[in-house]
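Notes follow the structure.
The values are calculated or read from the model by the stated rules, or taken from the named source; none is laboratory data. Owing to the predicted nature of the structure, the values given are computational and were not obtained by experimental measurement. Note that each Cβ is placed from the backbone with ideal geometry, even for glycine, and that neighbours are counted across all protein chains shown.
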Ligand code: COI
């Protein structure tokens with residue numbers, strides 16, 4: 001489909017916003033793209049600073065065929081969610097963390113990036129403009145997708161002369177069709193998503209293209225997704241295509257340390273803090289693939305997946321399963337704590353929640 005792309009000023013927008021919810025099936029949201037009303041766009045030249053962005057009607061964007069992002073993958077994305085509270089207020093979860101991560105990634109990819117303030121303001125404006133697409137309480141969330149790309153023309157391998165920061169949003173429910181039911185992972189032993197010194201630790205778009213082949217093969221065999229190993233020793237756990245991984249053994253949590261090949265998840269970081277605040281010991285370290293065979297629980301974390309329990313992992317044809325096909329006790333406890341916080345159902349003692 002094509003969508004119109006009329007520019008609108010923020011002032012004229014205010015009168016257009018209606019709080020009447022969009023007419024969609026709120027009970028069956030998955031994680032698929034749905035066009036909404038407005039997107040945010042801000043541009044800047046190489047060596048310059050982002051200054052003034054604007055809301056536009058959601059629609060196609062124009063890119064020159066020689067844009068840096070199209071030719072050499074000079075692009076980043078991020079992801080965060082807005083929740084609608086029972087009292088009607090809208091909540092964001094740690095948006096400054098996404099801003100900081102985008103800035104880190106931009107440095108790695110030789111791109112200018114919005115300031116934290118610009119990023120957070122742009123997110124707020126975009127969410128407000130699309131308010132009717134925020135699901136009712138407990139039905140899901142509005143997924144916010146910031147993009148940063150080299151939109152200027154290049155031919156040789158060089159940073160683009162112009163950059164575009166864009167935010168679009170889409171209402172979402174569960175990432176995996178399993179919902180809170182456990183997912184089944186397979187370990188990939190040949191293909192890797194990241195290498196030391198590469199870009200695995202930033203949210204560059206190419207990292208996600210790199211997982212598609214293994215993920216497609218895994219899905220064809222009935223697995224939910226792929227768990228990657230480190231590319232040097234092929235022995236240490238890294239992450240799943242779209243999320244981080246945690247193991248629980250004797251009530252101690254462990255997750256692969258952030259060493260440059262693993263995406264520093266904001267949900268990962270939040271779960272570590274929530275777990276510690278509840279008295280759990282949490283280790284960030286190298287985890288061998290063998291430890292999976294001895295774990296009590298395994299779960300994934302991410303903005304999109306939130307917490308997803310792992311029901312089984314298959315490695316070189318050997319399958320290990322966890323629990324009685326349900327979510328583990330520790331994962332359930334952390335899931336409740338985190339989501340209650342994100343939805344404004346418990347007091348935010350961490351100062352993580354931003355109300356619009
Ligand atoms: C997120 O969790 O927001 C992500 O960026 C994962 C994405 C690949 C869906």
Complete set of residues in the range 260-271 that are touching a strand residue (DSSP E or B) at 6+ places or on another chain (Cβ under 9 Å) and either under 13 Å from residue 201 (Cα atoms) or more than 16 Å from the ligand (Cβ to nearest atom) (or both): 261, 262, 263, 264, 265, 266
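Name the single residue that is farthest from the ligand (Cβ to nearest atom) among those in the range 322-344 being over 22 Å from the mean Cα position of the chain (by Cα) and more than 19 Å from residue 243 (Cβ to Cβ). Lay out the reasoning, then the answer.
Just the residues of the range 322-344 that are over 22 Å from the mean Cα position of the chain (by Cα), to begin with: 322-326, 328-330.
From the residues that got through so far, the ones that are more than 19 Å from residue 243 (Cβ to Cβ) too are 324-326, 329.
Values: 324: 28, 325: 25, 326: 23, 329: 24 Å.
Ranking the candidates gives 324 first.
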Residue that is farthest from residue 306 (Cα to Cα) [pool: residues in the range 21-80 that are within 16 Å of the ligand (Cβ to nearest atom) and in contact with a helix residue (DSSP H, G or I) (Cβ under 9 Å, 6 or more places away or on another chain)]: 73
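Look at residue 254 and say whether it is within 16 Å of the ligand (Cβ to nearest atom) and surrounded by 14 or more Cβ atoms within 10 Å (Cβ to Cβ).
no
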Selection from the range 182-205 of residues that are within 16 Å of the ligand (Cβ to nearest atom) and closer than 19 Å to residue 217 by Cβ: 183, 185, 193, 194
Leading residue by the ranking (farthest from the ligand (Cβ to nearest atom)) among those in the range 294-314 that are over 15 Å from residue 251 (Cβ atoms) and in contact with a helix residue (DSSP H, G or I) (Cβ under 6 Å, 6 or more places away or on another chain): 313
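Every residue, every condition in (1) in contact (Cβ under 8 Å) with a residue 12 or more places away in the chain; (2) under 17 Å from the mean Cα position of the chain (by Cα); (3) exposed (fewer than 15 other Cβ atoms within 10 Å of the Cβ), yes or no:
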{"residue": "137", "(1), (2), (3)": "yes, no, no"}
{"residue": "141", "(1), (2), (3)": "yes, yes, no"}
{"residue": "157", "(1), (2), (3)": "yes, no, yes"}
{"residue": "182", "(1), (2), (3)": "yes, no, no"}
Residues that are out of contact with any strand residue (DSSP E or B) (no Cβ under 9 Å at 6 or more places or on another chain) and within 16 Å of the ligand (Cβ to nearest atom), drawn from the range 206-230: 207, 209, 210, 212, 213, 216
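Residue-wise test of (1) within 15 Å of residue 148 (Cβ to Cβ); (2) assigned to a loop (DSSP other than H, G, I, E, B).
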position: 60; (1), (2): no, yes
position: 70; (1), (2): yes, no
position: 81; (1), (2): no, no
position: 92; (1), (2): no, no
position: 97; (1), (2): no, no
position: 104; (1), (2): yes, no
position: 114; (1), (2): yes, yes
Odd one out for residue 247 among (1) closer than 30 Å to residue 142 by Cβ; (2) free of Cβ contacts under 8 Å to residues at least 60 places away in the same chain; (3) part of a strand (DSSP E or B): (1)
When residues of the range 92-105 are limited to those that are over 13 Å from the mean Cα position of the chain (by Cα) and buried (at least 22 other Cβ atoms within 10 Å of the Cβ), the one farthest from the ligand (Cβ to nearest atom): 92
Lone unmet requirement of (1) surrounded by 21 or more Cβ atoms within 10 Å (Cβ to Cβ); (2) in contact (Cβ under 8 Å) with a residue 60 or more places away in the chain; (3) more than 27 Å from residue 39 (Cβ to Cβ); (4) over 15 Å from the mean Cα position of the chain (by Cα) for residue 152: (3)
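Quick check on the range 106-119: of everything there that is surrounded by fewer than 18 Cβ atoms within 10 Å (Cβ to Cβ) and within 21 Å of the chain's Cα centre (by Cα), which residue is nearest to residue 204 (Cα to Cα)? It would help to see each step written out before you state the result.
Let us first name the residues in the range 106-119 that are surrounded by fewer than 18 Cβ atoms within 10 Å (Cβ to Cβ), namely 107-108, 110, 115-117.
So of that shortlist, the ones also within 21 Å of the chain's Cα centre (by Cα) come out as 107-108, 115-117.
Numbers: 107: 11, 108: 9, 115: 18, 116: 18, 117: 22 Å.
Applying the filter and picking the extreme gives 108.
From the list 54, 62, pick out the single residue that is more than 21 Å from residue 116 (Cβ to Cβ) and at pLDDT 95 or above. Walk me through how you get there before you give the answer.
Values: 54 fails: more than 21 Å from residue 116 (Cβ to Cβ).
Result: 62 is the single residue among 54, 62 that is more than 21 Å from residue 116 (Cβ to Cβ) and at pLDDT 95 or above.
Can you say whether residue 320 is closer than 24 Å to residue 264 by Cα and at pLDDT 95 or above, as far as the supplied structure shows? If you could, list the steps in order and put the result at the bottom.
Numbers: closer than 24 Å to residue 264 by Cα: no; at pLDDT 95 or above: yes.
So residue 320 fails the test.
Before we move on, is residue 43 at pLDDT below 95 and under 26 Å from the mean Cα position of the chain (by Cα)? Quick ask: steps written out before the conclusion?
On the way: at pLDDT below 95: no; under 26 Å from the mean Cα position of the chain (by Cα): yes.
So residue 43 does not fit the description; no.
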Residue in the range 328-343 that is assigned to a loop (DSSP other than H, G, I, E, B), surrounded by 16 or more Cβ atoms within 10 Å (Cβ to Cβ), touching a strand residue (DSSP E or B) at 6+ places or on another chain (Cβ under 8 Å) and in contact (Cβ under 8 Å) with a residue 24 or more places away in the chain present: yes
Selection count, the range 124-145, where residues are in contact with a strand residue (DSSP E or B) (Cβ under 6 Å, 6 or more places away or on another chain) and either within 16 Å of the ligand (Cβ to nearest atom) or within 19 Å of residue 101 (Cβ to Cβ) (or both): 8
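Looking only at the range 179-210, count how many residues are under 22 Å from residue 144 (Cα atoms) and not in a strand (DSSP E or B). Steps first, answer last, please.
Going through the range 179-210, the residues under 22 Å from residue 144 (Cα atoms) turn out to be 179-180, 200-209.
Subsequent filtering for residues that are not in a strand (DSSP E or B) retains 179-180, 200-203, 205-209.
Final tally of qualifying residues: 11.
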